[in-house]
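A.B. asks: Got a structure here, written out as structure tokens. Questions coming.
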Amino acid sequence: MKEKKSPFLETIILSGFILLKFVLSYALVNNVYELHRDEFLHLDQGRHLAAGFTSIPPLTAIFSVIINLLGGSVFWVKFFPTLFGALTMLFAWQIVDALKGNLIAKCLVALAYLCSVYLRINILYQPNSFDVLAWTAIYYCLLKYFEDQQIKYLYYFAIWLGLGFLNKYNVMFLVLGILPAVLILPNRKIFQNKHLYFSVLLAFLIISPNVIWQIGHHFPVISHMKELAETQLVNVKRSDFFKEQILFFINVVFIWLAGFIGLAIYKPFRKHLWVLFSYIFTISIFSYFNAKSYYALGLYPVLLAFGSVYLTIVIGRKYVIYGLLVVLTVGSFYYIVPILMPVYSPIEIVQHKKRFEKVGALRWEDGKNHNLPQDYADMLGWKELAAIVDSAYAKVKDKTAVVVRTDNYGQAGAINYYSKFKNIDAVSYNADYLYWFKMDKPIKDLILIREAGESDPERKKEQPLFEKITKIGELRNTFAREKGTTVFLLEGAKIDINTRLKLEIEERKHDH
């Protein structure tokens, strides 16, 4: 179905989709929710820029530097994942163009992207949004190379692969899926091109600072993956992994399935069969390792693009059918928005609990159901906690001789973000905060934040070490994951706290 192209019209429509993307990302988040615990960590990583971190590579921290320079407001924190989502949509649009798809196909892929799980992913400042962008860009570059044999796309591929690696190691699973897919098909001729190896060298040069950092720190990524497997992935069921691939795109599943079918049976798509095989191989690898379902989200924009093109070929000029598809997509999206996006308050979610339970939205990493989705519970109570800590910090006479020590990175990051004291520098034995303790002066006082369920609520352990211990307050938000977290002020150290902390820090580093 060939139509005369109108670049100006296409630009206007694409701009409209991108604008709508930004509007929805801000408008569909209830103001009751604060930043997510992971976002606090990533923002603090920007204040301690390095070639690597214990949990993620350094690219997110670089974006955090920009956010902090812009003032660090919630607007800018949310802007970057939304921007990455918009760029992903642009690449999907360009994939449709590379497949000679028409404007209708481009609108379908943009609509599919807007009305799916990507909208949810793109509201959180985590590496996931850029991860999906990098995967989509990699697919685009390889598609263009196999289509036109232009060498430049091999180097673009290398750049996106390098950036993807510096953002999240997850991209290596895509490489493991693409390699056998290309090798078993005629596309393997790519391995005869010397520029492929030059591009691989370029990718290695891009990632080398982080590789050197990993070597110098004894590969903390391995310890992190082991901890992840023992504490979180152990609760992942393979059946849920595959079920959630459908649920992520429940209202546009017909589009990505059309892409799957089109790649399998449509003759003009046969030269792109490596895309289908790479999907199968990568999904199989994720399933084998009991990966979380969202790890595979980078595979779908390219399938949505193929599906959009194939649908326009099958439907032809039957515009009534397109109208029905749009109504179906938008109407069903309107119905699932309260589950997909944090538009409901915690009380409203509890009132509609069964609706959330049906799709597994209330199941946390511990494998159990709770009152709220885990992400939402991770976006509550932080301001309250910071206010309690501030009241303790205000009581300290010498603020250069106090340490604010928390139980986890979420607490530390939230305190640093929401505290009215800009130099409070809360730390923890958890995640990267373990390396950010400042002990250049003797420590006299300690503000201690302990999670709910603490076995020593009266701090008997620390009583011999300090002259006075005061319970300042406890987080009361019923729906917060941190409910019950308690803040203590320990004043007048009787021993050398600096040496004690250094010993504990070294023990924790050794454990890591």
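A.B. asks: I'd like to check something: does segment 228-247 contain any residue that is part of a helix (DSSP H, G or I), at pLDDT below 90, basic (K, R) and farther than 26 Å from I56 by Cβ?
C.D. replies: Yes, the conditions are met somewhere in segment 228-247.
A.B. asks: Next question. Contact list please: Cβ distance under 6 Å, first residue in segment 105-116 and in contact (Cβ under 8 Å) with a residue 60 or more places away in the chain and closer than 12 Å to V302 by Cα, second residue part of a loop (DSSP other than H, G, I, E, B) and among the β-branched types (V, I, T), pairs at least six apart or on different chains.
C.D. replies: A112/V252
A.B. asks: Test Q149 against the criterion of being assigned by TED's automatic domain parsing to the domain that holds L257 and at pLDDT below 95, and give yes or no. Talk me through it step by step, then tell me what you get.
C.D. replies: Working: assigned by TED's automatic domain parsing to the domain that holds L257: yes; at pLDDT below 95: yes.
The answer is yes for Q149.
A.B. asks: Also: With the requirement that a residue be surrounded by fewer than 17 Cβ atoms within 10 Å (Cβ to Cβ), in contact (Cβ under 8 Å) with a residue 40 or more places away in the chain and in contact with a Lys or Arg (Cβ under 9 Å, 6 or more places away or on another chain), what does segment 330-358 give you?
C.D. replies: none
A.B. asks: Sticking with this one: Determine which single condition N290 fails, assuming it passes every other condition in (1) over 14 Å from T136 (Cβ atoms); (2) in a helix (DSSP H, G or I).
C.D. replies: (2)
A.B. asks: Okay, moving on. Identify the residue in segment 143-178 that is part of a helix (DSSP H, G or I) and free of Cβ contacts under 8 Å to residues at least 40 places away in the same chain and, among all such residues, is surrounded by the most Cβ atoms within 10 Å (Cβ to Cβ).
C.D. replies: Here the answer is G164.
A.B. asks: Name the single residue that is nearest to T54 (Cα to Cα) among those in segment 458-512 being over 30 Å from the mean Cα position of the chain (by Cα) and of a type in the set (F, W, Y).
C.D. replies: Going through the qualifying residues, I end up with F488.
A.B. asks: Sticking with this one: Check L448, L434 and return the single one that is assigned to a strand (DSSP E or B) and among the hydrophobic types (A, V, I, L, M, F, W, C).
C.D. replies: Exactly one residue qualifies, and that residue is L448.
A.B. asks: Right, next: Could you grab the pairs with beta carbons closer than 8 Å, sequence gap of 6+ or different chains, first residue in segment 395-408 and assigned by TED's automatic domain parsing to the domain that holds N498, second one outside any loop (DSSP other than H, G, I, E, B) and among the small types (G, A, S)?
C.D. replies: The qualifying pairs are V404/A412; R405/S428; T406/A412; T406/S428; D407/S428; N408/S428; N408/A431.
A.B. asks: State whether one or more residues within segment 269-276 are hydrophobic (A, V, I, L, M, F, W, C), surrounded by fewer than 16 Cβ atoms within 10 Å (Cβ to Cβ) and part of a helix (DSSP H, G or I).
C.D. replies: Within segment 269-276, not a single residue is hydrophobic (A, V, I, L, M, F, W, C), surrounded by fewer than 16 Cβ atoms within 10 Å (Cβ to Cβ) and part of a helix (DSSP H, G or I).
A.B. asks: Of all residues in segment 458-477, which are part of a loop (DSSP other than H, G, I, E, B) and either surrounded by 12 or more Cβ atoms within 10 Å (Cβ to Cβ) or of a type in the set (A, V, I, L, M) (or both)?
C.D. replies: R459, E462, Q463, L465, L475, R476, N477, listed by residue number.
The values are calculated or read from the model by the stated rules, or taken from the named source; none is laboratory data. Model, not experiment: these values are computed from the prediction. Glycine gets a Cβ as well: all are built from the backbone with ideal geometry, and neighbour counts include every protein chain shown.
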